Every structure is written in structure tokens, then in C-alpha cells.
Amino acid sequence: MATQLRIETKTLYTEAIRQNIAKKDWTRLSDVMMEAEKAGVGKTLRRRGWYHLGLYEAERGNHPAAIAALNFARILDAKPGATLEKIVDEIEAFCQDFNGRFSRQDLYMLAKGLDRIVSFHSFHVKVPRAVQEKGKRLGVWIEDQQRTALDKEETPATHHVQRIYAALYPPLTIEEVRAEFARIVEPLIRERLDRKTKPASGGVGKGPKDPDEEEPKPPEEKPKKGKK
């Protein structure tokens, strides 16, 4: 009985998404999408639904909502280049809307969210390099703004920034955990290997010892036996 109910619910939401996309009824589509996630509607159709919602919100100038919807689409997309580029465009449009009104904390959260998705795709090389570079340039712009921004608990942008941050920085998927691990840990491993193979300054041979690396102990000498 429960299985049959799940199948019927999935079928209902699948048809609802198709009908709303066909009719371009984006208001009703927005009501359907979160429930469709729970009902287990197929990935391809859910991606289409979220992407259309993202474009609709972008046209209305509701950039935080557009970013949230597009990010759902990005996660479901096997080739998310166009979706990621659209997310970057929307973050940039949002930055221009509030340019000069951000606090340092606002900009830090924006940079953190943007860096997460750009770094993820830089590691997996699933999107064109031009899209990755576009995201990195926006990240540099945000960091530049941080240097002159004021420290404030709240600004006109803060609530919107928190929504964007929550959309771009939800709990990590397994694949994103691997990407974050590789991005952070691999350079440290390479640095350690370099230290082990690099000759010490002014001489030839092994480089400086790692803190957790024990010095080899010389073999113990056996006591000499006296002459009889």
C-alpha cells in the first residue's frame, strides 16, 4: 500500500512539473518543486524545473531566489557549464545591486559560497575553463571590496546574502567532500613531499626533518668480552 502511494505521488508531481513547464506557469511550478524533491521525481525533469525557475526569478530581478533555484539545477546537471555561468552572472548582478552597501561580513559570506562551487568544478573539470575563470574574477572583485568595506552586524544586503550563502553552502554531497578534501589537503601533501626530497640549505642530502619524523637511532653496541 505504501509503495503504491509513493508511486502515485511521484507520478503526480512528475506530471505537474511537465504541465507547468509546458504552460510556463512558473508560480505554480515553484510550489511544486520542493515537494517533487521529496517525491523522488527523476533528476532530468527536476533539473529542468529548477533551471526554468532560476531563469524566471532572474528575469524578475530576484537574484537570491534565482541563485538558489539554479544551484539546485547545477547539482542535478551532468554538464553544468551553462548553469554555473548563469549562477555567476546572478551573483554578479546581485553584487551590483548592493555595490557599496555590503559589510565586510556580507562579502566574506559571498566569497565563501562562490569559492565553494567554483573550486568544486575546477577540481572536477566539468565546466569550460572560461566559466571557471569568470567565477574566479568575480571572487577577486569581492575580495577587493572586502578591504574597504565596513564592519557591520547588518546591512540592507545581509538577509539576502544569508539566503545566497545557504543555497551555495548546504551540507556537502559525497562528491563535493572529495573535492574539498583534494583542494585543501593535496597541496599540503605535496609540500610535505617537497620538504622530504629537497636538499638541506648549503649541503647535499636530505632536507629538514618533519616534526613528526623520528631520528633513526644508532645500533646499540654490544659489550666487548674480556680476554681469558
- Query: Taking θ as phi - 60°, what are the ³J(HN,Hα) couplings along region 155-165 by the Karplus curve (6.51, -1.76, 1.60), each to the nearest whole Hz, with x for Gly and Pro?
  - Reply: 10, x, 8, 4, 4, 5, 4, 5, 5, 5, 4
- Item | Fewest-first sequence of GLU37, GLU90 by Cβ atoms within 10 Å of each Cβ | GLU37, GLU90
- Where does the charge balance sit around ARG48 when Lys and Arg score +1, Asp and Glu -1, over other residues with C-beta under 12 Å from its C-beta? +3
- So how far apart, in nm, are the two label points at ASN62 and HIS124 if each is 7 Å from Cα heading toward Cβ? 2.7
- Task: Would you work out which of HIS63, VAL140, LEU76 lies farthest towards the positive end of the dipole of region 1-147, given +1 charges on the beta-carbon of Lys and Arg and -1 on that of Asp and Glu, about the Cα centre?
- Result: LEU76
- Query: Using alpha carbon centroids, what distance separates region 92-139 and region 21-51, in Å?
  - Reply: 26
- Query: Which ³J(HN,Hα) values in Hz, rounded to whole numbers, follow from the phi angles of region 62-72 under the Karplus curve 6.51 cos²θ - 1.76 cosθ + 1.60, where θ = phi - 60° and Gly and Pro get x?
  - Reply: 8, 5, x, 5, 4, 4, 4, 5, 5, 5, 4
- Note on the structure: For the pair THR9 and THR27, the simple spin-label estimate (label points 7 Å beyond Cα toward Cβ) gives in nm 2.7
- Message: So if I place +1 on the C-beta of Lys and Arg and -1 on the C-beta of Asp and Glu, and nothing else carries charge, what would the dipole magnitude of region 1-91 be about its Cα centre? I want it in debye, nearest 20.
- Response: 320
- Note on the structure: Contour minus Cα-Cα span, THR44 to THR148, at 0.36 nm per residue, comes to 33.1 nm
- According to the square roots a ≥ b ≥ c of the eigenvalues of the Cα gyration tensor, what is the shape class of region 1-110, taking rounded for a/c under 1.5, prolate for a/b larger than b/c otherwise, and oblate for the remainder? prolate
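Only the coordinates and a few stated rules stand behind these numbers; no lab work does. These numbers were taken from a predicted model, which means no experiment stands behind them. Cβ coordinates were reconstructed from backbone atoms using ideal geometry, including for glycine residues, and neighbour counts include every protein chain displayed.
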